[in-house]
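First the structure, in the form of structure tokens, and then the observations on it.
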Amino acid sequence: MVKENQRIGTINKHDLKGYRTFQLINCIIDTVDLIGVFELKVYLIIENCVINNFEIHSCWFVHGLLLKNSIVKNYVDYQMGGHNKNPIIIEGNVFSGFFNFFDCQFEDIVVLTNNVFEKGTNLLGNTGEGFENSFASGFSVENNVGKVNINGIG
């Protein structure tokens, strides 16, 4: 499924159900609401979008996520996430608020490249804490603006 060049109110798990891949391209999205969606079984691609509210607390992107060349305006709270069997790629985005990665267990690689974090992120922070993120297949973090190893939750 491809949604392109649209103004979208809310995208949630019901909108994604039944698809193997779901693409949002060149859209203005009020809310991506995937809070508590354990085992999201769709490859989600969000590219060239403006997202006012990216709500992904406890979402497991089992088949992966590509978030590319987008603007995310809110504080993003991604707790207890990961559990991805395919890569999570976050590339070329601008995050206006803090991006909180808290107690995430990533099974496949996480790629964080060419992003701007105005208030930073703790993807590589909280070292030694019980809620430190784990990376079974590693990570690639390159050419980002803003701190990516903040301790705490912003």
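Of all residue pairs spaced 6 or more apart or on separate chains, those with beta-carbon atoms under 6 Å, a first member in segment 19-44 that is among the polar types (S, T, N, Q) and a second member that is surrounded by fewer than 14 Cβ atoms within 10 Å (Cβ to Cβ) are Gln23/Val2; Asn26/Glu4; Asn26/Asn5; Thr31/Thr10. Among the residues of segment 95-128, just one is of a type in the set (Gly, Ala, Ser), surrounded by fewer than 17 Cβ atoms within 10 Å (Cβ to Cβ) and at pLDDT 95 or above, namely Ser96.
Is at least one residue of segment 31-45 modelled with pLDDT under 95, over 29 Å from Gly152 (Cα atoms) and out of contact with any Asp or Glu (no Cβ under 6 Å at 6 or more places or on another chain)? Looking for residues that are modelled with pLDDT under 95, over 29 Å from Gly152 (Cα atoms) and out of contact with any Asp or Glu (no Cβ under 6 Å at 6 or more places or on another chain), one finds at least one in segment 31-45, hence yes.
Counting the residues of segment 1-34 that are in a loop (DSSP other than H, G, I, E, B), in contact with a strand residue (DSSP E or B) (Cβ under 6 Å, 6 or more places away or on another chain) and surrounded by 15 or more Cβ atoms within 10 Å (Cβ to Cβ) gives 1. Here segment 48-98 is the region considered, the condition is being among the charged types (D, E, K, R) and over 12 Å from the mean Cα position of the chain (by Cα), and the residue that is nearest to Ile28 (Cα to Cα) is Lys73. Listed by position, the strands (runs of 3 or more DSSP E) enclosed by segment 76-154 that each have at least 2 residues that are touching a Leu at 6+ places or on another chain (Cβ under 9 Å) are 88-91, 99-102, 110-113, 139-142.
When you scan segment 49-69, do you find a residue that is part of a loop (DSSP other than H, G, I, E, B), of a type in the set (Lys, Arg) and touching a strand residue (DSSP E or B) at 6+ places or on another chain (Cβ under 9 Å), even just one? No; the residues of segment 49-69 include none that is part of a loop (DSSP other than H, G, I, E, B), of a type in the set (Lys, Arg) and touching a strand residue (DSSP E or B) at 6+ places or on another chain (Cβ under 9 Å). Could you say whether any residue in segment 70-77 is of a type in the set (Gly, Ala, Ser), surrounded by fewer than 16 Cβ atoms within 10 Å (Cβ to Cβ) and in contact with a Cys (Cβ under 9 Å, 6 or more places away or on another chain)? No, because not a single residue in segment 70-77 is of a type in the set (Gly, Ala, Ser), surrounded by fewer than 16 Cβ atoms within 10 Å (Cβ to Cβ) and in contact with a Cys (Cβ under 9 Å, 6 or more places away or on another chain).
The set of residues in segment 69-83 being under 22 Å from Lys17 (Cα atoms) and at pLDDT 95 or above consists of Tyr78 alone.
Looking at this structure, is Asn114 under 22 Å from Ile29 (Cβ atoms), touching a Lys or Arg at 6+ places or on another chain (Cβ under 9 Å), touching a residue at least 24 places away in the same chain (Cβ under 8 Å) and not β-branched (Val, Ile, Thr)? The answer is no for Asn114.
Scoring Cys49 on the criteria (1) modelled with pLDDT of 95 or more; (2) farther than 20 Å from Asn144 by Cβ; (3) surrounded by 15 or more Cβ atoms within 10 Å (Cβ to Cβ) leaves a single failure, condition (2). Annotation note: of Val116, Val110, Val94, the sole residue that is of a type in the set (A, V, I, L, M) and farther than 19 Å from Asn53 by Cβ is Val110. Give the residue, chosen from Phe98, Phe61, that is touching a residue at least 12 places away in the same chain (Cβ under 8 Å) and under 16 Å from Val148 (Cα atoms). Residue meeting the stated conditions: Phe98.
The values are calculated or read from the model by the stated rules, or taken from the named source; none is laboratory data. Source: prediction; values computed, not measured. Every residue, glycine as well, gets a Cβ built from its backbone with ideal geometry; the counts of neighbours run over all protein chains shown.
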